[in-house]
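Notes for the one structure printed next.
The values are calculated or read from the model by the stated rules, or taken from the named source; none is laboratory data. Remember, it's a predicted structure, so these values are computed and weren't measured experimentally. Heads up, the Cβs are rebuilt from the backbone with ideal geometry, glycines too, and the neighbour counts pull from every protein chain shown.
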Amino acid sequence: MLVLTSVATYYGSVQALKGISLHVNRGEIVALIGANGAGKTTTLKTISGILSPRRGTVTFEGRTVGGRSPEAIVRAGISQVPEGRQVFGPLSVKDNLLLGAYHLSWREKRARLRENLERVYELFPVLLEREQQPGGTLSGGEQQMLAIGRALMAEPRLMLLDEPSLGLAPRMSKAIFGAIPAFRDRGLTVLLVEQNARAALQIADRAYVLETGRVVMEGVAQELLSQKEVQRAYLGRGYQQVWEE
Amino acid sequence: MPIWNPRAETMPRVDLEQLQLERLQVTANRAWEGVPFYRRRFEALGLMPEQIRSLEDLRQLPLTTKEDLRSGYPYDMLAVPLREVVRIHAPWETSSTPTVAGYTKNDLRHWRELAARVLSAGGLTKDDVIQISFTYGLLTDAFGLHQGAEEIGASVVPVTAGAVEQQISIMQDFRTTALVGTPSYALRIAEALEEKGLPRSSLHLRWAMLGGEPWAENARRRVESQLGISATDNYRVSEIMGPGVAGECKEQKNGLHVNEDHFLCEIIDPGSGEVLPPGQMGELVITTLTKEALPVIRYRTRDLTSLDPEPCACGRTLARMARVSSRTDDLVIVGGVTISPTQIESVLSGVEGIESHYQVFVDGVGAVDRVQVQVEVSSSLLTGDVRHLLQTQNQLRQRFEEALGLPTEIKFVEARSLSREGMRRIIDRRKGESSHPAQQ
């Protein structure tokens, strides 16, 4: 469904991605793991259109999306939940969610808005409880749920999740990770970027390990869980003992 | 026969190529990072691994030879620390430094799956009793196929190589249905049965997967008819992994399906190193795609074959390699003509009374090179009508002179008088080679 071939992305003259190739098949949960600065978020931004690749191709369902505008990419069916949530603080939970469907046509909205909202509330009941509250008053975990809900309102076929567990208490991030496999049942495909490699590998089908802008390992998530090198790539060299939760 | 891993073995080629590119880049990154030999190579060319942007870009990298692997003895070619290596194999040779193949847990897991794929393609099921007649030890064949057979769930009898009589007793008592070994060993079993006057029905054998040395179609026909079984070919590269690289499908027996999601193959002209298009015969060059402990880039196998990427009627989309019948070391140049075992075999085939074992000697007599073909013949030919014997000899001599364009002497020898194991077929006495079993 999504194919990246030898993608090179730069920040000015600094090369952040050095020829990244990966693919995500329909219905899969694929994880991108690696230490800070490895290029995970840059990869997601290259896919969602916030950044353009200087070399290489990004195709989605057979069509090139690399280099196109973020709006066009959202319309094509890709939705991103950015790092750090970025909910609209002053707006209510409900309005945040409705904004997620902004790009859909009026007719599409009328038909499915109610239904999509209900499905988000079903997934994250706390959002219904706090429907009228300003987004900024929610806890970190609740904001993460709101950000995910907002992305779901765009009716994506591929969801890009950037560090959903960042800054969350372990129990919260467990709840978030627990919700992700359910997306598959809704016909959604997920590309998940995570620093918490263990949690990501436990729910993913396959994974790619990034290290300083390159893919250094790929395979079935279960097989990667036991790899010493994965631990090293995730934590950086030398941190042997911090692996355990 | 069931396809062991349908997702991998029937993948559309465009998806396969994307997967190969991803894995090639991982391999290049890891080799550059973790194997000093490859880092030096990249640096010498001023190349960074990210410049491998397509499968064709692989050609920018130089070939790796067996001597290169030997030069890293014992552990310099490994990309992981030794504590992550859980198995070490080494095809041990008496006259030269061995090459060392290390395997991590994941490498072993992949190896097991690939061996299961080729065994399943050849016809092994979990209802079989399979006898492994390769030598268990540092060599890769026995363990590799043993693991694969267990993965399938067959009943594995690790007999190891040994006296043919013992192999036969076990086959009879244990009701073995499948045999794994070399083609020459299978022929010895057939000969032993004949000598003892044992009927084929005393065995339950129905299939053999043979390999480890080049064997031609007429050798396959002999094994199949003498043992009353089906025989399939498989291909291994002992310096890198062992068996499981490629195997024939029982349905078609038309080339060996290469596990291309784990091995990227190229065919090169052995002289110039130029990459040849599909269908052309040349030397097989392999790049590992998933090996963790021992990533190898563009390894010269010295085996001659060709690749056919067309899908097979069995359903697999994995490209097929032609059966390997000669190695680059087997080729000898006489009077400007290149002679190969395949050529010799095609001249010998179809001539009545000629058995499949032969040896060719090339001598330099003064300024002239001479070729002598020694070939085993049936006892009926040797003890029969002398005129018939001479006629056959003449016929063969003419055939050879036509095929090679060189004066050829034909010498008939008794059946079973030529050495069987691992011998060179073409012995170049001009170079001081002898007919003693050569090392692999």
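Report the residue count in the stretch B:152-186 for those that are part of a helix (DSSP H, G or I), among the small types (G, A, S) and closer than 17 Å to B:T135 by Cα. If you could, list the steps in order and put the result at the bottom.
Within the stretch B:152-186, the first condition is being part of a helix (DSSP H, G or I), and the residues that meet it are B:152, B:164-174, B:183-186.
Checking the rest, the ones that are also among the small types (G, A, S) come to B:169, B:184, B:186.
Then drop every residue that is not closer than 17 Å to B:T135 by Cα, which leaves B:184, B:186.
Within the stretch B:152-186, residues that are part of a helix (DSSP H, G or I), among the small types (G, A, S) and closer than 17 Å to B:T135 by Cα number 2.
Can you tell me which residues in the stretch A:200-221 are assigned to a strand (DSSP E or B) and either in contact (Cβ under 8 Å) with a residue 40 or more places away in the chain or within 8 Å of chain B (Cβ to nearest Cβ) (or both)?
A:R206, A:A207, A:Y208, A:V209, A:L210, A:E211, A:R214, A:V215, A:V216, A:M217, A:E218, A:G219
Could you list all residues from the stretch B:322-333 that are buried (at least 21 other Cβ atoms within 10 Å of the Cβ) and among the hydrophobic types (A, V, I, L, M, F, W, C)?
Across the stretch B:322-333, the qualifying residues are B:V324, B:V332.
Look at the stretch B:98-127 and say how many of its residues are assigned to a loop (DSSP other than H, G, I, E, B) and touching a Pro at 6+ places or on another chain (Cβ under 9 Å). Please lay out each step first, then the result.
The first filter runs over the stretch B:98-127 and keeps only residues assigned to a loop (DSSP other than H, G, I, E, B), leaving B:98-100, B:104, B:123-127.
Okay, now just the ones that are also touching a Pro at 6+ places or on another chain (Cβ under 9 Å), so B:98-100, B:125.
Total meeting the criteria: 4.
Based on what the data block shows, is A:E28 within 14 Å of chain B (Cβ to nearest Cβ) and among the acidic types (D, E)?
yes
Check whether at least one residue in the stretch A:6-23 is under 16 Å from the mean Cα position of the chain (by Cα) and either among the small types (G, A, S) or away from chain B (no Cβ under 14 Å) (or both), and report yes or no.
no
Determine which member of the set A:L224, A:L161, A:L146 is in a strand (DSSP E or B), at pLDDT 85 or above and either aliphatic (A, V, I, L, M) or surrounded by 22 or more Cβ atoms within 10 Å (Cβ to Cβ) (or both).
On the way: A:L224 fails: in a strand (DSSP E or B); A:L146 fails: in a strand (DSSP E or B).
The match here is A:L161.
State which residue is surrounded by the fewest Cβ atoms within 10 Å (Cβ to Cβ) when the search covers only the stretch B:107-131 and only residues that are closer than 21 Å to B:V86 by Cβ and more than 14 Å from chain A (Cβ to nearest Cβ).
That would be B:A116.
Looking at B:L198 and the list (1) in a strand (DSSP E or B); (2) more than 25 Å from B:D107 (Cα to Cα); (3) hydrophobic (A, V, I, L, M, F, W, C), which single condition is not satisfied?
All conditions are met except number (1).
Kindly state which strands (runs of 3 or more DSSP E) lie completely within the stretch B:315-395 and contain at least 3 residues that are closer than 30 Å to B:L276 by Cα.
So the answer is B:332-334, B:337-339.
Got a number for residues in the stretch A:180-199 being under 17 Å from A:P82 (Cα atoms), out of contact with any strand residue (DSSP E or B) (no Cβ under 7 Å at 6 or more places or on another chain) and in contact (Cβ under 8 Å) with a residue 40 or more places away in the chain?
Total meeting the criteria: 1.
What residue, among those in the stretch B:31-81 that are under 17 Å from B:T99 (Cα atoms) and among the aliphatic types (A, V, I, L, M), is surrounded by the most Cβ atoms within 10 Å (Cβ to Cβ)?
My answer is B:M77.
Looking at B:E93, B:E113, B:E50, B:E67, can you tell me which residue is under 26 Å from B:C265 (Cβ atoms) and modelled with pLDDT of 95 or more? Steps first, please.
On the way: B:E93 fails: modelled with pLDDT of 95 or more; B:E50 fails: modelled with pLDDT of 95 or more; B:E67 fails: modelled with pLDDT of 95 or more.
Of the residues listed, the single one that is under 26 Å from B:C265 (Cβ atoms) and modelled with pLDDT of 95 or more is B:E113.
Condition (residue is acidic (D, E) and over 23 Å from A:V190 (Cβ atoms)) applied to the stretch A:113-128: is it met by at least one residue?
Step one: of the stretch A:113-128, the residues acidic (D, E) are A:115, A:118, A:122.
Retained after the next criterion (residues that are over 23 Å from A:V190 (Cβ atoms)): none.
Scanning the stretch A:113-128, I find no residue that is acidic (D, E) and over 23 Å from A:V190 (Cβ atoms), so the answer is no.
Quick grid of which residues meet (1) in contact (Cβ under 8 Å) with a residue 12 or more places away in the chain; (2) touching a helix residue (DSSP H, G or I) at 6+ places or on another chain (Cβ under 9 Å); (3) farther than 23 Å from A:A197 by Cβ; (4) aliphatic (A, V, I, L, M):
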site: A:L22; (1), (2), (3), (4): yes, yes, no, yes
site: A:N25; (1), (2), (3), (4): yes, yes, no, no
site: A:E28; (1), (2), (3), (4): yes, yes, no, no
site: A:L32; (1), (2), (3), (4): yes, yes, no, yes
site: A:G39; (1), (2), (3), (4): yes, no, no, no
site: A:T42; (1), (2), (3), (4): yes, no, no, no
site: A:E61; (1), (2), (3), (4): yes, yes, yes, no
site: A:G66; (1), (2), (3), (4): yes, yes, yes, no
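On the given criteria, is B:E84 within 14 Å of chain A (Cβ to nearest Cβ), more than 28 Å from A:T5 (Cβ to Cβ) and surrounded by 15 or more Cβ atoms within 10 Å (Cβ to Cβ)?
When the stated conditions are applied, B:E84 passes them.
For A:I33, are the conditions met, namely being more than 19 Å from A:R214 (Cβ to Cβ), within 16 Å of the chain's Cα centre (by Cα) and either within 14 Å of chain B (Cβ to nearest Cβ) or of a type outside the set (K, R) (or both)?
No.
From the set of residues in the stretch A:164-189 that are of a type in the set (D, E, K, R) and not in a loop (DSSP other than H, G, I, E, B), which is farthest from A:D205 (Cα to Cα)?
A:R171
When you check B:L47 against the structure, is it within 14 Å of chain A (Cβ to nearest Cβ) and more than 18 Å from B:L289 (Cα to Cα), yes or no? Full working, then the answer.
Working: within 14 Å of chain A (Cβ to nearest Cβ): yes; more than 18 Å from B:L289 (Cα to Cα): yes.
Here the answer is yes, as B:L47 does meet what is asked.
From the residues in the stretch A:44-74 that are of a type outside the set (A, V, I, L, M) and within 13 Å of another protein chain (Cβ to nearest Cβ), which one is surrounded by the fewest Cβ atoms within 10 Å (Cβ to Cβ)?
A:G62
Which residue pairs have Cβ atoms under 9 Å apart, sit 6 or more places apart or on different chains, and have a first residue in the stretch B:12-32 that is under 23 Å from A:T59 (Cα atoms) and more than 7 Å from chain A (Cβ to nearest Cβ) and a second that is of a type outside the set (A, V, I, L, M) and part of a helix (DSSP H, G or I)?
B:L24/B:D57
Would you pick out the residues in the stretch B:114-154 that are more than 19 Å from the chain's Cα centre (by Cα) and among the charged types (D, E, K, R)?
B:K126, B:D127, B:D128, B:E150, B:E151
Among the residues in the stretch B:111-124, are any within 27 Å of B:V156 (Cβ to Cβ), polar (S, T, N, Q) and touching a residue at least 24 places away in the same chain (Cβ under 8 Å)?
Yes: one or more hits.
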